[in-house]
Amino acid sequence: MKRHLPYVVVAGWGALNGLLLAVLGIYGESSLVFWLYGGVVALLEVAALAVLASSRTGPDQHVRYRVPDRGAGAVPVVALGCALVALAFVYGLWLLALAVPLFGVAIALALHGTTASEG
């Protein structure tokens with residue numbers, strides 16, 4: 001199971017979308033919706049088979065990941081800060097009180113780095 005976990009995730013995603021397609025059937029959607037959404041479900045399952053085939057050809061790949069740049073760890077923090085700034089326009093400026101410290105953490109991560117120093 002551990003070796004084919006990506007296949008299980010993609011196949012489960014396709015199965016969940018198949019369940020949502022069945023819910024659309026219960027609500028009596030038009031046939032065009034079934035053709036379009038059913039095509040997406042079929043493409044997801046084909047993608048799951050492609051993931052299964054690729055996991056069988058190279059099961060020992062991607063064992064250890066390295067951050068390519070010392071400051072790359074700041075990117076998710078900046079993304080979360082930007083999302084909070086965008087949400088501040090909708091839910092209120094109080095979210096800026098959460099976003100500004102995140103930008104400070106991101107600056108510290110970018111300057112200090114997130115990987116072990118080579119040496």
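The values are calculated or read from the model by the stated rules, or taken from the named source; none is laboratory data. These numbers come from a predicted model, not from an experiment. Reconstructed Cβ throughout: ideal geometry from the backbone, glycine too, with neighbour counts over all protein chains shown.
ALA11 meets each of the listed conditions (1) more than 30 Å from ILE107 (Cβ to Cβ); (2) modelled with pLDDT of 90 or more; (3) surrounded by 15 or more Cβ atoms within 10 Å (Cβ to Cβ) apart from (2). Take the conditions among the aliphatic types (A, V, I, L, M) and modelled with pLDDT under 85 and apply them to LEU43. Does it pass? So LEU43 does not fit the description; no.
Quick grid of which residues meet (1) at pLDDT below 80; (2) of a type outside the set (D, E, K, R); (3) in contact with a Phe, Trp or Tyr (Cβ under 7 Å, 6 or more places away or on another chain); (4) under 30 Å from PRO6 (Cα atoms):
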| residue | (1), (2), (3), (4) |
| --- | --- |
| LEU19 | no, yes, no, yes |
| SER31 | no, yes, no, no |
| GLY38 | no, yes, no, yes |
| ALA47 | no, yes, no, yes |
| ASP60 | yes, no, no, yes |
| LEU96 | no, yes, no, no |
| GLY119 | yes, yes, no, no |
